[in-house]
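For reference, the structure is listed below as structure tokens.
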Amino acid sequence: DERRRAAIESAPGNRFARPNLPSASRRRIPRASTRVTNLAFIAERLRIDFSRETMGRGGEAQASGSPPEWDVIVVGAGVAGASLAYALGNEGRKVLLLERDLSEPVRIVGELLQPGGYLKLKELGLEHCVDGIDAQKVHGYAMYKDGGEALVGYPLEGRGDDVAGRSFHNGRFVMRLREAALGCEKVTVRQATVKKLLNVNGGGGVD
């Protein structure tokens, strides 16, 4: 049999990891039915093959036991990955969220959330993630050229007072989303590196 498995390395200092997650041996992985590129990858009914030990909250090794099993594995705890894990966890799915570095991102990227993005946060129950991060409401744009000025506002008529764009530090926003995911009983958040996936019986897995 051609075998493919998901193998990850537990990283030290994993403050998001939940305790008592045991190590696992070789696991079967049915064909993945869903794929999300860039920020998150989902594979239905995957099981993880950890390196020899899993790590607890303080980075301590945990004893082996029955292998854990998840309904969904999400790789990447950025904006999409953390939001997805939160949403699926609230639907009752057992979710493993993996991120290679759980420290706050410091790069400048995605510093403006458009009103449509905020509405999607409200739909997911994540609108509170823009609170407490010094987010500033944005109602439109101002354009200047040759001494002239043009104001372009968002079409927000009929929306609530809270509906607007948001300008913020992306890293703080990501951390708030991760905290929300961690707060779901069905979601396990781990700092780890996914090394590879193995197929069982030549099934059509995802590279």
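The values are calculated or read from the model by the stated rules, or taken from the named source; none is laboratory data. Note that the structure is predicted; figures quoted are calculated from it, not measured. We place every Cβ from the backbone using ideal geometry, glycine too, and count neighbours over all the protein chains shown. SASA here: full protein model, heavy atoms, side chains in, ligands and nucleic acids out. Shrake-Rupley method; radii C 1.70, N 1.55, O 1.52, S 1.80 Å.
Would you mind telling me the share, in percent, of accessible area of the stretch 69-161 contributed by carbon and sulfur at probe 1.4 angstrom?
Its accessible area is 52 percent carbon and sulfur atoms.
May I ask you to give the solvent-accessible area per residue for the stretch 65-175, in square angstrom, as obtained with a 1.4 angstrom probe?
Here the residues of the stretch 65-175 average 55 Å² of exposed surface.
Quick check on packing: order 107-116, 74-83, 92-101 by the mean number of other C-beta atoms within 10 Å, highest mean leading.
The densest-packed peptide leads the list: 74-83, 92-101, 107-116.
With a Cα-only, solvent-free Debye model of the stretch 80-162, what are the log10 I(q)/I(0) values at q = 0.20, 0.23, 0.26, 0.27 Å⁻¹?
-1.13, -1.29, -1.40, -1.42
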